[in-house]
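Before any comments, here is the structure.
The numbers here are math on the coordinates, done by the rules we state, and not lab data. Here the structure is a predicted model, which is why all the values come from computation and not from measurement. Neighbour counts run over all protein chains shown; Cβ positions are idealised from the backbone, glycine included.
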Amino acid sequence: MNFDGFDLNLLVAFNALMLERNVTKAAAMAGVSQPAMSAALSRLRRLFDDPLFIRSAEGLLPTPKAREIAVPVGEALGQVRSLMNPAESFDPIAKARSFTLGLTEYPLQVLLPALTHQLALLAPNCSIHVRYFTDRDESVGLLDAGKIDIAIGVPPTKAENRILSSPLLSDGFVTMVGHDHVFAAEQMDLKTFAAMRHILVSPEGNRYGLVDQKLREHGLVRDVSLTLPTMFSVPALLPGTDFVATVLSRVGKHAGNQALIKVFQPPIELPTIPFDLLWHRRTQDNPAHRWLREVITNVAATLTD
């Protein structure tokens, strides 16, 4: 298909390379031979006067120029696809499809079990691959690189117009101690709370968190005696110790030792934490991606507090 001498199939090749980061896989995705995909990449490099993709141990890494044109190329192909196939849809029963989800710990524990159950019913031929990430801003790079199809986590610190999002879940904080803790039968005042031996959960390895920030506003500093990268491991550490932990409420509800912990409201006001569904603009109109986003949203809506 040519337009003023330009072969639009080069855009198809570029999009496949951007998504797969591998010449062989991109060729299979575009329905051409590997030599044809290599030839298309050479033509693309000459056309844009840029290497576009650099070989690395992780596959083909896109250059800044490739990242710059990825969104408009994806949008252009989406518009052409809609024009040529106005009734295009995704049949999850008939079609085999592989999706990669980027998840932080919270949606991995809270959402994924129900999601995998629903997907097994709705799309038995589809496979799901999960990539774990910790830093909220890491999701943008993973989506840009095409390493994940969808991310679920706390919204990135900076909004990017190429990254689309939708609110999915939210949760508030609770404070936990072991059932035999001296303060298990009553809530403590703020000064007592600050003086206790705290567990701080920080996937990034920080030693200062939201609770510390709020305590500082009251002129208080807490005793952080243990730092952990994961919050769902906290309940198992509380019984028989003098630790206290302030974590999201569903952590306690998913604990296997609920009878051995005491959960109550923190003695300090803390915000609700949102978790968003995020995807790249280039996949906005893709029927399979649109279907998956709808399934995830529906499953999240069924979760009870």
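Remarks
- For the stretch 43-165, alpha-carbon Rg relative to the globular expectation (2.2 N^0.38 Å, N residues): 1.24
- From most to least packed by mean Cβ count within 10 Å, the peptides 56-65, 106-115 give 106-115, 56-65.
- Cross-link check: pairs Lys25/Lys158; Lys65/Lys147; Lys95/Lys158; Lys191/Lys253; Lys95/Lys253 evaluated at a Cα-Cα cut-off of 30 Å; pairs beyond the cut-off: Lys25/Lys158; Lys95/Lys158; Lys95/Lys253.
- Projected label distance in nm at Leu226 and Ser33, using a 7 Å step from Cα toward the beta-carbon: 6.2
- Note on Phe6, Phe14: ascending count of other Cβ atoms within 10 Å places them as Phe6, Phe14, the fewest first.
- Bridgeable aspartates and glutamates around Lys214 (alpha carbons under 19 Å apart, same-chain partners fewer than 8 residues away excluded): Asp171, Asp189, Asp223, Glu269.
- Arg216/Ala259 FRET efficiency (R0 41 Å; Cβ-Cβ; nearest 0.05): 0.75
- Under Karplus coefficients 6.51, -1.76 and 1.60, residue-wise ³J(HN,Hα) of the stretch 203-215 in Hz, glycine/proline x: x, 7, x, 6, 10, 9, x, 5, 4, 4, 4, 5, 5
- Projected onto its three principal axes, the C-alpha set of the stretch 2-84 covers 38, 25, 22 Å, listed from the longest axis down.
- The label-point distance for Glu58 and Glu204, in a model that sets each label 7 Å from Cα toward Cβ, rounds to 1.8 nm.
- The stretch 259-266 - phi-based ³J(HN,Hα) in whole Hz, Karplus 6.51/-1.76/1.60, Gly and Pro as x: 5, 9, 10, 10, 10, 8, 6, x
- Extended-chain gain in nm, criterion 0.36 nm per residue less alpha-carbon gap, Leu47 and Asp135: 28.1 nm
- Cα gyration tensor shape of the chain, rounded if a/c is under 1.5, else prolate or oblate by comparing a/b with b/c: prolate
- Proximal charge balance of Glu138 [Cβ under 11 Å; K/R count +1, D/E count -1]: -1
- Here the relative contact order of the chain, from alpha carbon pairs under 8 Å that lie six or more residues apart, stands at 20 percent.
- Here's the picture: charge each Lys and Arg Cβ at +1 and each Asp and Glu Cβ at -1 in the stretch 32-129, and of Pro51, His129, Pro64 the one pushed furthest to the positive end of that dipole is Pro51.
- Label-to-label distance, nm, for residues given as Thr100 and Glu294 (7 Å Cα→Cβ offset): 2.6
- Rg/Rh for the stretch 173-271, where both radii come from Cα atoms and Rh is the Kirkwood radius: 0.92
- The length gained on full extension between Thr24 and Ala159, counted as 0.36 nm times the residue separation minus their Cα-Cα distance, comes to 45.2 nm.
- Dipole check for the stretch 2-84: with +1 at the C-beta of Lys and Arg, -1 at the C-beta of Asp and Glu, and the Cα centre as origin, the magnitude is about 200 Debye.
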